[in-house]
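Everything below concerns the one structure shown next.
The values are calculated or read from the model by the stated rules, or taken from the named source; none is laboratory data. Since this is a predicted model, take the numbers as computed values, not measurements. Backbone-built Cβ (ideal geometry, glycine too); neighbour counts: all protein chains shown.
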Amino acid sequence: MKPSSVDYRNVVAALVVVGLLALPLFSQLTGNFFVLTLFTRIVIFSLAAVSLNLIMGYGGMMSFGHAAYLGIGGYAVGILAAEGIGSGFIQWPVALAASALFALVIGALSLRTRGVYFIMITLAFAQMAYYVASGLSRYGGDDGLTIYKRSGFAGLINLSNRVEFYYLCLFCLFGGVFLVWRIVNSRFGLVVQGLRSNEQRMQAIGFPAKRYQLVCFVISGTMCGLAGALLANNTDFISPAVMYWTRSGDLMVMVILGGMGSLFGPVVGAIVYLVLEEFLSQVTEYWAMIMGPLLLLIVLFGRGGILGLIGSFSRD
Amino acid sequence: MTEALLRIENLIKRFGGIVATDNLSLDVAPDELHAIIGPNGAGKTTLISQLIGQLRPSAGTIRFAGEDITYLPAWKRSHLGLARSFQITSLLRDFTAADNVAMAAQARDGHSFRFFGNARKEMGLREAALAALARVGLADRANVMVSRLSHGEQRELELAVALATKPRLLLLDEPMAGLGATESARMVRLLADLRKEVTIVLVEHDMNAVFALADRITVLVYGRVIASDVPAAIRVNEEVRRAYLGDQHVVTRHG
């Protein structure tokens, strides 16, 4: 490869990886712990956005209910903790299994529809999950559930240590990105992307579309359930608000902002979105007034999101 | 007489009050090239769609190699050896030509619930794809995005994709649609070559091509078969001439 044909997208991805890895060091050196707290949250939402990107960007399935898995993963941790089961070795597998099961059921029903109906039905299911959580009076109902003790991992890792927890989240994020990278280049991933491109053609050459899409949907939901378990541990709290439809909207915006169907797009999107949210909301409570037009510009001028824009500079 | 590869019996398809396929029966013998012609609106594409499993017939049966496939989903028919090309080019536009064909080869190679290995680096699939591309004369365009291929190349790619599924019966829905004279001639040569390997059902408006290629021709009018015979007999068939009215010269001109 010629040195002049550097793809800036890879440069950005590498910078993001190095930056995230070095963040705790920066935080220690400057004594700025706030940045570590902020970025722990960002890394968790990045994982959720990466999982959404798998079905939305690569699979063409516009799920508008992805925040439901954040809640399901979070409530699995919270409810088990409230019932005295504090081991992460139980809490986390339950969080993943519950998310997978939820994805399996709503995927099987939603994938019978297409387009706007798919968006609406996934939204409806997520809202149902929201109202069910609101009705869990034993577990705080509307007010949410405080988690008094973070998941224990038999002394292997201490989630209450800021840096250790941050690196655990980062490990999960990189694991998620790695998984998506392998999947999208695999036979399975090509089929899923082929279905996004032209479902009729894929059926005609012999692929049962629904099965592949459903499996993809479940993988994505499970991955987001992991983000939910991390989120509950990060905030020591879980409430129905995590599942509200605006949260699903946030996740979609992160994916679109960063670049749908690109590996690191959702990570970049989550960073930009949440950092902007953080700083704009310090300047004005009407921060959405600035965020809105910004989003509009990115969507209008960079169809592949931020990474798409960066990529367009690196041609030739 | 040999057993028909494809047997359509009393097939009916209604859209509300319109009968698009009207009690249609048709046999396609192994190794023949069977052309289906008819004026616009004769129900040719409706018929193909039912054969391929995109439309559910209202009544009647479709048998393929002795098996009743009337209500079988499209993807299962493909596994039985039924392949189609689309009238309006239908490819994976954001994939390369080789990807499109490799995908078809992959569909034939067991299930695709393989999540790890890089499918684009699998030699077996790539070689199968290149072979099919070479077959239709697109070997040097393998790594070009479909959206950057010319219309004629896309039509050829349609054929390569269908071939890569290793079909026993190829349903070609107007493969010459929109092709220029040179491209059409190329396509006819290609089909003349392919017919030696695979049974073909050809739906086509280009009478030149149909009469040059077909072993037998079935003429559809208003969803009914009005004639089904060898080209020489079709050419002199009075009912066919009447059906084509002003178009009859098209049928007779090329002898």
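Is one or more of the residues making up the range A:289-297 in contact (Cβ under 8 Å) with a residue 24 or more places away in the chain, under 19 Å from A:ALA49 (Cα atoms) and not aromatic (Phe, Trp, Tyr)?
Yes, because at least one residue in the range A:289-297 is in contact (Cβ under 8 Å) with a residue 24 or more places away in the chain, under 19 Å from A:ALA49 (Cα atoms) and not aromatic (Phe, Trp, Tyr).
So how many residues does the range A:173-205 have that are facing chain B (nearest Cβ under 7 Å), part of a helix (DSSP H, G or I) and either under 16 Å from the mean Cα position of the chain (by Cα) or among the small types (Gly, Ala, Ser) (or both)?
3
Among the residues of the range B:103-123, which ones are more than 20 Å from B:ALA74 (Cβ to Cβ), more than 7 Å from chain A (Cβ to nearest Cβ) and outside any loop (DSSP other than H, G, I, E, B)?
B:LYS121, B:MET123
Residues being over 21 Å from B:ARG126 (Cα atoms), of a type outside the set (Lys, Arg) and at the interface with chain A (Cβ under 8 Å from one of its Cβ atoms): count how many of those fall in the range B:77-89.
Adding up the residues that qualify gives 1.
Looking at the range B:71-90, which of its residues are out of contact with any strand residue (DSSP E or B) (no Cβ under 8 Å at 6 or more places or on another chain), touching a residue at least 40 places away in the same chain (Cβ under 8 Å) and either of a type in the set (D, E, K, R) or surrounded by fewer than 23 Cβ atoms within 10 Å (Cβ to Cβ) (or both)?
Within the range B:71-90, B:ILE88, B:THR89, B:SER90 meet the criteria.
Scanning for something within 14 Å of chain B (Cβ to nearest Cβ), at pLDDT 90 or above and closer than 23 Å to A:GLY175 by Cβ, does the range A:228-246 turn up at least one residue?
Taking every residue of the range A:228-246 in turn, none turns out to be within 14 Å of chain B (Cβ to nearest Cβ), at pLDDT 90 or above and closer than 23 Å to A:GLY175 by Cβ.
Quick one: how many residues across the range B:129-150 are part of a helix (DSSP H, G or I) and on the phi > 0 side of the Ramachandran plot?
0
For A:MET223, only one of the following conditions fails: (1) under 22 Å from the mean Cα position of the chain (by Cα); (2) aliphatic (A, V, I, L, M); (3) away from chain B (no Cβ under 14 Å). What is its number?
(3)
Scan B:ARG93, B:ARG126 and give me the residue that is in contact with a helix residue (DSSP H, G or I) (Cβ under 7 Å, 6 or more places away or on another chain) and in a loop (DSSP other than H, G, I, E, B).
None of the other options fit; the residue is B:ARG93.
All but one of (1) surrounded by fewer than 21 Cβ atoms within 10 Å (Cβ to Cβ); (2) within 30 Å of A:VAL132 (Cα to Cα); (3) under 20 Å from the mean Cα position of the chain (by Cα) hold for A:ALA13, so report the exception by its number.
Single failed check for A:ALA13: (2).
Consider B:SER228 carefully, then state whether it is in a helix (DSSP H, G or I), at pLDDT 90 or above and surrounded by 13 or more Cβ atoms within 10 Å (Cβ to Cβ).
no
Please indicate, with yes or no, whether at least one residue in the range B:101-121 is of a type in the set (Ser, Thr, Tyr) and buried (at least 18 other Cβ atoms within 10 Å of the Cβ).
yes
Here's the yes/no breakdown for (1) more than 14 Å from the chain's Cα centre (by Cα); (2) in contact (Cβ under 8 Å) with a residue 60 or more places away in the chain; (3) surrounded by fewer than 22 Cβ atoms within 10 Å (Cβ to Cβ):
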{"position": "B:LEU172", "(1), (2), (3)": "no, yes, no"}
{"position": "B:VAL188", "(1), (2), (3)": "no, no, yes"}
{"position": "B:ARG195", "(1), (2), (3)": "no, yes, yes"}
{"position": "B:VAL236", "(1), (2), (3)": "yes, no, yes"}
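Please indicate, with yes or no, whether at least one residue in the range A:206-219 is within 11 Å of chain B (Cβ to nearest Cβ), hydrophobic (A, V, I, L, M, F, W, C) and crowded, with 23+ Cβ neighbours inside 10 Å.
yes
How many of the residues making up the range B:90-101 are within 8 Å of chain A (Cβ to nearest Cβ) and among the small types (Gly, Ala, Ser)?
1
For B:GLY53, work out the one condition from (1) within 24 Å of B:MET207 (Cβ to Cβ); (2) small (Gly, Ala, Ser); (3) without any contact (Cβ under 8 Å) to a residue 40 or more places away in the chain; (4) touching a helix residue (DSSP H, G or I) at 6+ places or on another chain (Cβ under 7 Å) it doesn't fulfil.
It fails just one condition, (1).
From the residues in the range A:29-53 that are in a helix (DSSP H, G or I) and without any contact (Cβ under 8 Å) to a residue 12 or more places away in the chain, which one is nearest to A:THR235 (Cα to Cα)?
Result: A:PHE34.
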